[in-house]
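Notes follow once the structure below has been shown.
Since every read-out is calculated from the coordinates, none of them should be taken as a lab result. No experiment lies behind these values; they were computed from the predicted model shown. Glycine also receives a Cβ, built like all others from the backbone with ideal geometry; neighbour counts cover every protein chain displayed.
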Amino acid sequence: MTRKIVIAALGTALAVLAGLSFYRSRHLREPVVAGPGVSRVAKLGDYFGPIKGTVNDANVYVLEGREPGGTILLLGGTHPEEPAGRLAAWIVAENAELVRGRILVVLTANRSASTVTRLGGAYPPDFTIPTAWGGQKFRLGDRWSNPLDQWPDPEVYLHYPTRQELAYVDIRNLNRAFPGRPNGTLTERTCYAVTELIRREKVDVAIDLHEAELQYPVISTIVAHPKGADLAAAAAMFISSMEGFAIGVENSPKALRGLSHREIGDATDAVSLLLEAPEPFLDATRGRTDRELLLTGKDDFVVRAGKRGLLFEKIDEKGWPIDVRVGRHTSTILQILEIWSSENPAKAVIVSGVPRYTEVIEKGTGAFLKDPKTASASRLFSE
Amino acid sequence: MDTVVTLLYYFLTAYIAVLLVWNFVKRKNWQEEVLCVIVLIPFLLRLLRLK
């Protein structure tokens, strides 16, 4: 009897420790200091009532200029486990000043997915970006909505409204559920809310920020809806000649449904673009899946895969540090805005205060994250 | 429909958790008792909606 009590006590202790770890990870609050350009913070539920109060009722940071112009939407956290996208959007929300037009920033488009990590993947629950004031911790998250929030998965996922057959698990993938369904799953309703936001706010350009494994052919590129092909091509040319890195352009395929670059462009008046930066952490041939790999992008196994010609992006012992990936996104966003504004003067969006690629690498991503301890309560939000 | 399936899933999870506790009580071998406890943990975490 004593033996059973001891074993039960040890098991309970293990369950409590594991439960506390999962609970803290799921409820980790990420502070956001609204930057000088933020005039108000809306909620995704303001655009589609059924999302209100759910885990996916994300903040929408509205940055407005003094002069009227166009409207740009930045989507971070469509896939939270691709952190450069969230961090680039974070830098815009905390630093940008608008001269003309508006920028709407969603830092965590799929909040549910940000509260879980890859099941069985041994992912770290969070990561910290070093700053002069000590560092800011972020949830790592996953590609798919948390099964605690949306379950069960079907045998085959039928995309709405095309009924294209997709992998079962992608019914929880925000970037396979656009344009969304008002009476669908949590993920589909979230996509519908984003689509409604784009329609109601008359968004001109929607930019979805991602990262990709090096073994995936769509990498280091701008994926563009046909409406945005010229804009993306011009941005890629200017980036390659002026920003210090190269980026390609891919056409959004008609035959693959549910992705933001295809469905937002088809369902709304907005030009839809998706940006991909390289993230070795996601590669199947990676080594230990830890915070260091996430932030440095250094992995001997991925380098060896590259030497055998198995990758679609180069990698060496320098890896793909988070500052490089974030800087690629901020520079690409700025180039898109500048070209859009020059070609559409009446709908220009003119922004300052956002660092470019070289500045992010030189100073580090953390230099552009604001200290929540010194912010006034009225400017402090959390993700 | 999804709500019904989800409720059935939680019912099954609870049922298996009870079976595991029952097995734990009935086992005579300490290694089998440890096995029951370890297998039980994910069921408990799911029932408590922690993972």
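Per residue of chain A, what 222 nm ellipticity follows from adding -39500 (n - 2.57) for every DSSP H run with n ≥ 4, rounded to the nearest 500? Mind showing how you got there, number by number?
Values: 9 runs with 118 residues, N = 383.
So the calculated ellipticity at 222 nm is -10000 deg cm²/dmol.
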Relative exposure of A:302, A:33, B:5, judged by other C-beta atoms within 10 Å (fewest first) = B:5, A:33, A:302
Inter-chain shielding of B:39-51 (mean C-beta neighbours from other protein chains, 10 Å cut-off) = 5
Take chain A, connect every pair of alpha-carbon atoms lying under 10 Å apart with a spring to form a Gaussian network, then pick out the residue of A:251, A:183, A:175 with the largest mean-square fluctuation.
-> A:183
Using a cut-off of 11 Å between beta-carbons, work out the net charge of the residues near residue B:23 (Lys and Arg +1, Asp and Glu -1, residue B:23 not included).
-> 0
Only Lys, Arg (+1) and Asp, Glu (-1) charged, at Cβ; the protein assembly as shown dipole about Cα centre in debye | 1440 debye
Among A:4/B:51; A:254/A:318; B:26/B:51; A:137/A:202; A:254/A:363; A:298/A:347, which pairs are too far apart, with a Cα-Cα distance over 32 Å?
-> A:254/A:318; A:137/A:202; A:254/A:363; A:298/A:347
Residue order, fewest to most beta carbons within 10 Å, for A:2, A:268 | A:2, A:268
Chain A: most fluctuating residue of A:38, A:55, A:203 per GNM, C-alpha cutoff 10 Å = A:55
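Nearest 5 percent is fine: what portion of the DSSP beta bridges confined to the protein assembly as shown is antiparallel? Before the final figure, lay out each step's value.
Numbers: 25 of 47 bridges.
Antiparallel bridges: around 55 percent, rounded to the nearest 5.
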Among the DSSP beta bridges whose two residues both lie in the stretch A:49-147, what percent are antiparallel, rounded to the nearest 5?
-> 55 percent
Can you give the mean number of other chain Cβ atoms that lie within 10 Å of the Cβ atoms in peptide A:11-22?
-> 4
Which angle between 0 and 90 degrees, to the nearest 10, do you get for helix A:83-95 versus the longest principal axis of chain A when only C-alpha atoms count?
-> 60 degrees
Have a look at A:82, A:211, A:317 and tell me which one the Gaussian network model of chain A (Cα, springs below 10 Å) gives the largest fluctuation.
-> A:317
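Averaged over every viewing direction, what's the projected area of the C-alpha convex hull for the stretch A:186-329? Give it in nm², one decimal, please.
Working: hull surface 38.9 nm².
Computing the convex hull of the Cα atoms and averaging its projections yields 9.7 nm².
Treat the count of other C-beta atoms within 10 Å as a stand-in for reagent exposure and order A:191, B:36 from fewest to most.
Values: A:191 32, B:36 21.
With the sparsest Cβ surroundings first, the list reads B:36, A:191.
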Mind checking the stretch A:150-245 for trypsin sites (Lys or Arg not before Pro) that DSSP puts in a loop (not H, G, I, E or B) and that have at most 10 other Cβ atoms within 10 Å?
-> A:163
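For peptide B:27-35, what's the mean number of Cβ atoms from other chains within 10 Å of each residue's Cβ? Mind dumping the intermediate values first?
Values: counts 2, 0, 0, 4, 0, 0, 6, 3, 0.
Mean shielding count: 2.
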Computed over chain A: longest principal axis from alpha-carbon atoms vs helix A:186-200 long axis, angle to nearest 10 degrees, is 20 degrees
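As an exercise, identify the trypsin sites (Lys or Arg not before Pro) in the stretch A:248-288 lying in DSSP coil whose Cβ has no more than 14 other Cβ atoms within 10 Å. Kindly include the intermediate steps, with their values, before the conclusion.
Details: sites: A:254, A:257, A:262, A:286, A:288; in loops: A:254, A:257, A:286, A:288.
Qualifying residues, ordered by number: A:254, A:288.
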What aspartates and glutamates could a cross-link reach from residue A:370, if we take a straight Cα to Cα line under 20 Å and drop same-chain neighbours fewer than 8 places away?
-> A:30, A:64, A:94, A:97, A:126, A:323, A:359, A:362, A:383
